[in-house]
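Encoded as structure tokens, the structure appears first; notes follow it.
The values are calculated or read from the model by the stated rules, or taken from the named source; none is laboratory data. Every value quoted in this text rests on a predicted model; they were computed, and no experiment measured them. Using ideal geometry, Cβ is built from the backbone for each residue, glycine included, and neighbour counts are taken over all protein chains shown.
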Ligand code: AMP
């Protein structure tokens, strides 16, 4: 199968060729012809499947084929949950549109709105946006959605998780009823199906099994450790394994900062990425990580969502997520594109409930191991530390602090309210 046989025009074939893509990915094979027919699409696809080109290429072709208007009203809107994803999607849009007379821009919060408004006033065909900033600018009269012909909801499940349902409904109320709708989501929950029913018109269902599907290629490992030892264990794992690129997840922004600082002190280049960081700092951290200038990226769940980081051999859950689905999203960052990956979770005694919830969701028990020299003093029930002959532990144990963290303590945190502000 070639891109040409999917019916793409020469300008897009040239752009795709310039990207170095030779064959369409499974999701692209499925979505491109359907979108070119003008049908609505409900697609299950995660980051890493090539979904962005899957909707952007046909969207560009459709816009190119219809009459261009001098003032360039916004004719296509791509909504994404996070700033990083919006920026990434727009980079792709620009790359693929480079041989066409189509203008685009991206808007998101956390940065000055004025340049965004100026660009929109100059006329653009495609707008990539996060919901908050979009509604903000619409309210100010800086943009109109009254001429939108194609709507893309990217990572719709995450938008719902982040509480954007009302915003999405509001955005839809501002657009013409007659339009093409493309909804992409990593999972098809009940809520997504309900949202899809309300938005899509006789959609074609596309379920491309992602090549980077986690379960088969990712090796899950859990280590029982004391909370107080997690930093040292993390440093040991990275140093002993000589890992060059590691993504580490924490539950909180504060913990992400602290851990990153400690890694830097230990001589491991690292940056934290989360919602309290300025957009500039987030972009810098991500590009440093991608270009291997930074060895470790410490991220909170929401900040990491949708990031296009190919081929990560190692993901560490410094803290387990309190929402089990986040574990699946986290480990979706490793074992990508057919390569194998390792997802390591450091589990302290307070996180056993989280682990149980994750195992229930995965439908499997994750093997638990103990690292020599870091045996937990508070042992999870059912775990049998291996006997090492003569107890050769040479590490002096620190006393367990009474309260060593101002984080949520897992045992008490039964709050499943997804109280996760960016
Ligand atoms: P996405 O799932 O859209 O985030 O894309 C994941 C990565 O795959 C991006 O780095 C794309 O540039 C890349 N990509 C998209 N389509 C193809 C393709 N047909 N062949 C090779 N790489 C691709």
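Report, ordered by the first and then the second residue, all pairs with beta carbons closer than 6 Å, sequence separation of six or more or different chains, a first member in region 16-32 that is closer than 15 Å to residue 94 by Cα, and a second member that is near the ligand (Cβ under 9 Å from one of its atoms).
Final answer for the pair search is 16/3.
Within region 154-171, count every residue that is assigned to a loop (DSSP other than H, G, I, E, B) and at pLDDT below 90.
So the count comes out to 2.
Restricting attention to region 7-28, report how many residues are more than 8 Å from the ligand (Cβ to nearest atom), over 23 Å from residue 193 (Cα atoms) and surrounded by fewer than 21 Cβ atoms within 10 Å (Cβ to Cβ).
8
Within region 34-61, can you find the residues that are away from the ligand (no atom under 15 Å from the Cβ), part of a helix (DSSP H, G or I) and in contact with a helix residue (DSSP H, G or I) (Cβ under 7 Å, 6 or more places away or on another chain)?
36, 61 - these are the residues of region 34-61 that are away from the ligand (no atom under 15 Å from the Cβ), part of a helix (DSSP H, G or I) and in contact with a helix residue (DSSP H, G or I) (Cβ under 7 Å, 6 or more places away or on another chain).
Among the residues of region 65-100, write down those that are more than 19 Å from residue 134 (Cβ to Cβ) and either touching a strand residue (DSSP E or B) at 6+ places or on another chain (Cβ under 6 Å) or at pLDDT below 95 (or both).
Selection gives 65, 66, 67, 68, 69, 70, 71.
Could you list all residues from region 226-246 that are under 11 Å from residue 295 (Cβ atoms) and surrounded by 23 or more Cβ atoms within 10 Å (Cβ to Cβ)?
If the condition is that a residue be under 11 Å from residue 295 (Cβ atoms) and surrounded by 23 or more Cβ atoms within 10 Å (Cβ to Cβ), then 246 is the only one that fits.
Looking only at region 110-145, how many residues end up being crowded, with 19+ Cβ neighbours inside 10 Å and out of contact with any helix residue (DSSP H, G or I) (no Cβ under 9 Å at 6 or more places or on another chain)?
Residues meeting the conditions: 1.
Looking at region 264-308 only, could you name the residues that are in contact (Cβ under 8 Å) with a residue 40 or more places away in the chain and farther than 25 Å from residue 79 by Cβ?
289, 292, 295, 296, 297, 298
Please give the number of the condition residue 198 fails out of (1) in contact with a strand residue (DSSP E or B) (Cβ under 9 Å, 6 or more places away or on another chain); (2) farther than 24 Å from residue 104 by Cβ.
(1) is the only condition that residue 198 fails.
Look through 350, 326 and report the one residue that is surrounded by 13 or more Cβ atoms within 10 Å (Cβ to Cβ), under 22 Å from residue 229 (Cα atoms) and modelled with pLDDT of 50 or more.
350
Give 102, 107, 78 a once-over and let me know the one that is buried (at least 22 other Cβ atoms within 10 Å of the Cβ), away from the ligand (no atom under 16 Å from the Cβ) and under 25 Å from residue 139 (Cα atoms).
Going through 102, 107, 78 in turn, just one is buried (at least 22 other Cβ atoms within 10 Å of the Cβ), away from the ligand (no atom under 16 Å from the Cβ) and under 25 Å from residue 139 (Cα atoms): 107.
Here is a list: 265, 253, 290. Which entry is out of contact with any helix residue (DSSP H, G or I) (no Cβ under 7 Å at 6 or more places or on another chain) and more than 19 Å from residue 315 (Cβ to Cβ)?
Just a single option satisfies the conditions, and that option is 265.
Against the definition (part of a strand (DSSP E or B), over 17 Å from the mean Cα position of the chain (by Cα), modelled with pLDDT of 90 or more and closer than 20 Å to residue 48 by Cα), how does residue 206 come out, yes or no?
When the stated conditions are applied, residue 206 passes them.
Could you check how many residues of region 37-64 are surrounded by fewer than 18 Cβ atoms within 10 Å (Cβ to Cβ) and in contact (Cβ under 8 Å) with a residue 12 or more places away in the chain?
3
Of all residues in region 172-196, count the ones that are more than 24 Å from residue 144 (Cβ to Cβ) and in contact with a helix residue (DSSP H, G or I) (Cβ under 9 Å, 6 or more places away or on another chain).
Residues meeting the conditions: 9.
Using the structure shown, decide if residue 10 is within 21 Å of the chain's Cα centre (by Cα) and assigned by TED's automatic domain parsing to the domain that holds residue 130.
no
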